[in-house]
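Inspection log for the structure reproduced underneath, given as structure tokens.
The values are calculated or read from the model by the stated rules, or taken from the named source; none is laboratory data. All of these numbers come straight from a predicted model, not from anything done at the bench. Cβ atoms come from the backbone with ideal geometry, glycine included; neighbour counts cover every protein chain shown. With ligands, DNA and RNA removed, areas are computed over all heavy atoms of the protein, side chains included. Shrake-Rupley method; radii C 1.70, N 1.55, O 1.52, S 1.80 Å.
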Amino acid sequence: MALVRVISSDGAAFLVSQRLAKRSGKLKTEIETFRKSSDNSEAQPEIRIVTIRAEILRLVLQWLQQHQNDPVLPANQNEQDGRGDAEMGQSQWDRDFLAPMDLGIVMELILAANHLEVKGLLDITCKLVESKITGRTVDEIRTAFKLKSDFKGNEEEQTRLENRWCVEN
Amino acid sequence: MSTKSTPSSSSTPTSLDVANAENPKRPRVTTEDPKEKSEQDGCSNPDLDSDLFDKSDELAPPVFVSQYHIVKHILQYLGIADVLRATLVSKQWAEIGQRVRKQRKNNPYTILYHTYMPDHKLAFEYFNGFEVSEEAKQLVKPASKERHRVKNYEYPALLSEARSVVKKTFLDSYDEPQLLVTFATTAIDNSVLREIKINGERSEERMEWILRGLQKTVPCLSSISCGVIATLPNTCKALEMERSTYPCLSSLAIPKVQGLTIKMFGVTNQQNKMLKKKMEVDNVKNILGIDKKNEDKLKGIVFLQRATYRTAPIATGILQYLRANPNVALGGGIHEGVFVTGLPDDNVIAGGMLIYGEENVRVSSIALQETKISPNNQKKIDQLKSSLIPDGKSFAIMFACNGRGIGMHDRPNVEADLFNAHFPTTPLVGAFTLGEFCHELISTGSNAPVESPRRIDFAYTTVFVMVSYKHTSETQDPK
């Protein structure tokens with residue numbers, strides 16, 4: 001079985017099958033690039049992911065492994081029809097997988113899934129964060145995501161007026 | 001290969017695929033910021049709520065909240081009310097929110113309210129008075145020692161219930177509407193009038209008692225008539241309510257879709273009288289607000305007239321317009337009341353909407369004129385079906401003469417069922433009317449010449465206006 005070494009930002013190496021790795025859009029491209037630039041077709045590719053640390057990388061690989069036999073979704077399916085995607089792909093395993101994570105890990109996982117182009121994982125993690133926005137007031141959302149309003153003057157008031165019915169609950 | 005390792009366990013997954021072969025020092029914490037550490041420490045509860053909302057410490061926002069497509073990805077899942085709230089969070093979120101709104105593939109949905117919700121079928125069965133089952137009787141007049149009152153227009157909670165149903169459906173929806181078409185029975189209007197009498201509060205727009213505030217966000221076209229046709233939310237199953245004395249209200253939220261523009265119009269008494277003196281197509285265009293620049297995109301008109309005249313000058317005016325422009329579909333009817341957002345009720349003689357569409361929109365209209373579901377009527381339904389854009393979405397409005405329904409078919413719900421059988425996924429709302437308007441047109445996307453209408457006012461017919469559309473391909477994100 002052809003393998004690939006994936007190395008995290010903090011130097012931990014994971015040896016995974018190329019078949020598995022190719023389910024990540026990013027790793028697939030990297031493996032193909034390696035193939036083209038390498039004379040030796042037997043050589044084992046080595047990919048360094050400088051933005052993802054070992055703990056997160058391991059979670060991504062774990063998720064990929066669990067879902068290795070899922071049909072591959074087109075990358076932009078979510079844009080086709082935004083609703084329902086995540087529920088469809090979310091298994092009990094996914095729920096157990098996400099349940100013990102704290103927000104920090106989930107956020108890192110979102111970034112990692114986005115960077116490695118793992119759509120299914122990006123969907124379920126975003127969905128998790130989304131459920132924290134649903135039904136919250138603007139101030140609650142700001143507190144949750146530690147964001148500050150950067151509207152000037154009456155810009156915010158203006159938008160608030162336009163969307164009165166959804167703000168005044 | 002079995003990998004039943006508990007996902008949360010910190011043990012190294014061991015299998016052929018993931019071999020954590022070279023990982024001498026598995027770093028648990030490397031270079032995170034202190035925020036995450038503190039969250040990890042306090043994280044015994046798997047529910048993220050506590051982490052998200054109980055932390056008030058002043059820290060830098062998590063990285064992802066400023067990453068354009070990640071935020072966008074998250075917002076895409078949100079219902080429209082949440083998207084709009086998110087646009088108030090910050091400038092960047094506002095920009096992303098606008099884009100999500102623009103790209104959202106909105107679909108139509110319906111709102112239904114009556115006093116015996118959620119027992120739609122039983123209530124409709126009881127009030128349509130045909131072979132009423134014991135179950136339906138029990139619902140309306142339960143055998144109890146307490147005296148029961150049928151929940152008619154005097155039912156005290158009626159208006160507040162209706163308001164909350166309309167608002168809740170609206171706020172919980174994923175889709176963003178551009179216009180709300182509402183049909184209500186006379187009983188609803190009576191209830192509003194009763195409320196006004198009790199409170200002594202007068203409003204120039206009676207529908208405000210139900211739609212309160214909504215009309216400021218979305219224009220609403222409403223009518224009062226002797227019966228309504230309502231599609232049950234989510235299922236698209238259509239039911240006919242022919243009893244004007246039973247409070248029932250149905251709404252269709254026409255979605256914001258690229259290429260589909262709905263403009264509401266209202267015709268005042270003065271405009272109508274003016275037209276009587278001087279019947280000119282240009283005047284008609286002005287009154288309806290037909291936009292010269294986009295006139296070639298006008299594909300359909302829905303016209304609701306108040307039952308004052310049999311045929312108001314404005315109806316004649318529309319006939320004149322259609323003679324000059326026979327490629328525009330028309331459907332409508334005569335109602336007991338017609339209300340248009342922004343115009344005082346007393347001054348409105350008619351209202352309606354102009355349906356403009358690009359290539360991705362088709363508007364067709366048919367009238368079932370024969371009294372039975374004849375082969376001819378069946379053929380028209382088939383034609384209507386052939387006019388749908390393949391793989392598109394659709395919604396429809398029905399106007400049925402109040403003499404049809406049970407009175408004609410000997411059983412209720414015949415025509416709504418017929419529609420349902422052919423268009424099981426098309427939301428439908430409508431009204432039982434005192435006369436119908438129609439210019440039959442099967443739009444197939446070609447510009448084949450259409451015969452000019454000889455007349456547009458009919459009686460004893462059922463008219464369907466069908467709008468079908470296809471979402472256009474996505475506009476690209478910046479970078």
Task: Conditions (1) more than 7 Å from every other protein chain (Cβ to nearest Cβ); (2) open to solvent by less than 40 Å² (accessible area, probe 1.4 Å); (3) more than 19 Å from the chain's Cα centre (by Cα); number of the one not met by A:LEU116 - done: (3)
TODO: Search segment B:384-407 for residues that are over 20 Å from B:LEU330 (Cβ atoms) and without any contact (Cβ under 8 Å) to a residue 60 or more places away in the chain and pair each with any residue that is assigned to a loop (DSSP other than H, G, I, E, B) and open to solvent by 30 Å² or more (accessible area, probe 1.4 Å) when their beta-carbon atoms are under 7 Å apart and the residues are at least 6 apart or on different chains.
DONE: B:GLY403/B:TYR460
TODO: Search segment B:67-79 for residues being facing chain A (nearest Cβ under 7 Å) and over 23 Å from the mean Cα position of the chain (by Cα), and hand back the single one that is most open to solvent (accessible area, probe 1.4 Å).
DONE: B:HIS73
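Each row is one residue, and each column tells you yes or no for (1) surrounded by fewer than 12 Cβ atoms within 10 Å (Cβ to Cβ); (2) at pLDDT 90 or above; (3) over 15 Å from B:ILE229 (Cα atoms); (4) of a type outside the set (A, V, I, L, M).
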residue	(1), (2), (3), (4)
B:MET398	no, yes, no, no
B:SER446	yes, no, yes, yes
B:ASP457	no, yes, yes, yes
B:LYS470	no, yes, yes, yes
Task: Restricting segment B:80-99 to residues that are more than 7 Å from chain A (Cβ to nearest Cβ) and surrounded by fewer than 24 Cβ atoms within 10 Å (Cβ to Cβ), the residue that is farthest from A:LYS152 (Cα to Cα) - done: B:ILE80
TODO: Take A:THR143 and decide whether it is within 7 Å of another protein chain (Cβ to nearest Cβ), modelled with pLDDT of 80 or more and not in a loop (DSSP other than H, G, I, E, B).
DONE: yes
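Let's see how each residue does on (1) closer than 18 Å to B:LEU171 by Cα; (2) among the small types (Gly, Ala, Ser):
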{"site": "B:SER90", "(1), (2)": "no, yes"}
{"site": "B:GLN98", "(1), (2)": "yes, no"}
{"site": "B:ILE111", "(1), (2)": "yes, no"}
{"site": "B:LEU122", "(1), (2)": "no, no"}
{"site": "B:GLU131", "(1), (2)": "no, no"}
{"site": "B:GLU135", "(1), (2)": "no, no"}
{"site": "B:VAL140", "(1), (2)": "no, no"}
{"site": "B:SER144", "(1), (2)": "no, yes"}
TODO: Test B:VAL166 against the criterion of being under 24 Å from B:LYS256 (Cβ atoms) and in a helix (DSSP H, G or I), and give yes or no.
DONE: yes
